[in-house]
1. Report the rotationally averaged projected area of the chain based on its alpha-carbon convex hull, in square nanometres.
2. As a footprinting exposure proxy, order Tyr109, Tyr94 by other Cβ within 10 Å, with the fewest listed first.
3. Taking other Cβ within 10 Å of each residue's Cβ, how do Leu85, Leu101, Leu114, Leu121 sort, fewest first?
4. Add +1 for every Lys or Arg and -1 for every Asp or Glu among the other residues with Cβ under 13 Å from the Cβ of Val115, and state the total.
5. Suppose only helical runs count, i.e. DSSP H with n ≥ 4. What mean residue ellipticity at 222 nm does that imply for the chain under -39500 (n - 2.57) per run, divided by all residues and rounded to the nearest 500 deg cm²/dmol?
6. Pop a pseudo-label 7 angstrom from the Cα along the beta-carbon direction at both Glu100 and Asp76 and give the gap in nm to one decimal.
7. When Glu100, Glu89, Glu24 are ordered from fewest to most other Cβ atoms inside 10 Å of their Cβ, what list results?
8. Less than 15 Å Cβ to Cβ from Lys22, Lys/Arg counted +1 and Asp/Glu -1: what total charge do the surrounding residues give?
Amino acid sequence: MKSSGATKYKVILIAYKDVDPKIEKIITRYSVCNIKDRNTFDNLFKDQTNYQGSGRDFNLNDRISIYLGWFKEQIDQKVDEGYILDIVEVHKSYGNTREELLKTLDIEYSDDILVLDIQDL
């Protein structure tokens, strides 16, 4: 989803399982939402999908609500496959380095780390 203005954030949905704690720390460094299991997802989705914010009052919880809506089907599928999922939000000032790092981990770790989606915001 790209607005008419410049990109301010990249929002990355990543799924992982069976990874070393050091690698998990790299993956989750800019995570705004962590989904460990079905109950976590169901509760988050139920609680977060009614965002109220607008204008100056639009905050991280509001953004997470939107992200959960964007990624619902992918999260739903991967959580049932035993993956932990994180929604990672990276500000434009970081450039593409974080995105490239996560894509490299995806390639290196095969099915244990998956970059499922990337949205420009």
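1. Average of the hull's projected areas for the chain equals 7.6 nm².
2. Working: Tyr109 17, Tyr94 12.
Ascending Cβ contact count within 10 Å gives the list Tyr94, Tyr109.
3. Leu101, Leu121, Leu114, Leu85
4. -4
5. -13500 deg cm²/dmol
6. Inter-label distance under the simple model: 3.6 nm.
7. Least to most surrounded, the residues fall as Glu100, Glu24, Glu89.
8. Working: positive: Lys25, Arg29; negative: Asp18, Asp20, Glu24, Glu108, Asp112.
Result for the neighbourhood of Lys22: -3.
The numbers here are math on the coordinates, done by the rules we state, and not lab data. Because the structure is a prediction, the values reported are computed rather than measured. Every residue, glycine among them, receives a Cβ derived from its backbone with ideal geometry; neighbour counts consider all protein chains shown.
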